[in-house]
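The next block holds one structure in the form of C-alpha cells; read it before the comments.
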Amino acid sequence: MMAYRMFYTCTFMNRTAVFLLLFLYSLSFSVVSAQSRKGVDFSTDIAMFVPSAVGGFISLIEGDKKGLVQLVGSGAASVAAAYALKYTVKKERPDGSDSHSFPSNHAGVAFMGATFIQQRYGWKYALPAYAISGYVAWGRVYADRHDVWDVIAGAAIGAGCAIAITTPFVKEHRVALCPVASPGAVGVSAVIGL
C-alpha cells in the first residue's frame, strides 16, 4: 500500500523516470549485444508489452476500472485485426521465416498501448510510451522481421483500435473549483460532473 501511495504522489518527472526504468529493465533481460539483430528482435518481443503494461498499471493506480476494460478491449481488437490480416494477406517476411509479415503485431500492440495512455491520461504519460513504440517499430525492421509498410500498418491498426475504444479519463471526472467570498467568509465551491 505504501508503494501505491508513493507512486501516486510522485511528480510527472518521477513518473516518466519510472516508466523509462521499467522499459530499460525489460531490455536488460537480453544477454546478447544490442547491435545484434537477434538481440534487437528479442528486446522488441519484450518492449512491445511495456506501453500496455504501464497503461494497465496507471489504470490500477488511478482506480480506473473502466480504463482497464478499455485497454483490454483495445488490445483484443488490435490483435484480432492484425492476425486476421496476417492470415489473409500471407506476405512473406523479409528474413523468409514465414508468410505472416503484414501487419506487424508487435508495432500494433506497442502503439495501441501508447495511444491508450494518450487518449485516456494525456500526453504527459504518453510521450515515453510512444518512444518505446517507436523503438519497437524500428527494431522489427532492423531485425529483418518486417518492412516499413508492415510496421506502419501495425501501428495504424493498434492506434486506431485504441482511438475507437478509449474515452478520456478527465472528461469522466470533471471538477470545477470556484472561489466564493462573502462578508466574513471565504471558501471554495466545487462542482463535479458525473
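Taking Rh as the Kirkwood radius computed over C-alpha pairs, what is the Stokes-Einstein D of segment 90-177 at 25 °C in a medium of viscosity 0.890 mPa s, expressed in µm² per second? Intermediate results must be reported in sequence, preceding the final value.
Values: Rh = 13.6 Å.
After rounding, the answer is 180 µm²/s.
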Go through segment 150-155 residue by residue and turn each phi into a ³J(HN,Hα) via Karplus (6.51, -1.76, 1.60, θ = phi - 60°); whole Hz please, and just put x for glycine and proline. 4, 6, 5, 5, x, 4
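Could you compute Rg(Cα) / (2.2 N^0.38 Å) for segment 37-142, with N its residue count? If you can, show how the numbers build up before the last one.
Details: Rg = 14.4 Å, N = 106, 2.2 N^0.38 = 12.9 Å.
Against the compact-globule rule of thumb, the ratio is 1.11.
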At a Cα cut-off below 13 Å, give the aspartates and glutamates reachable from LYS38, other chains included and same-chain residues fewer than 8 away excluded. ASP95, ASP144
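Each value in this text was obtained by applying a stated rule to the coordinates, not by laboratory testing. Since we're looking at a predicted model, the values are computed, not measured.
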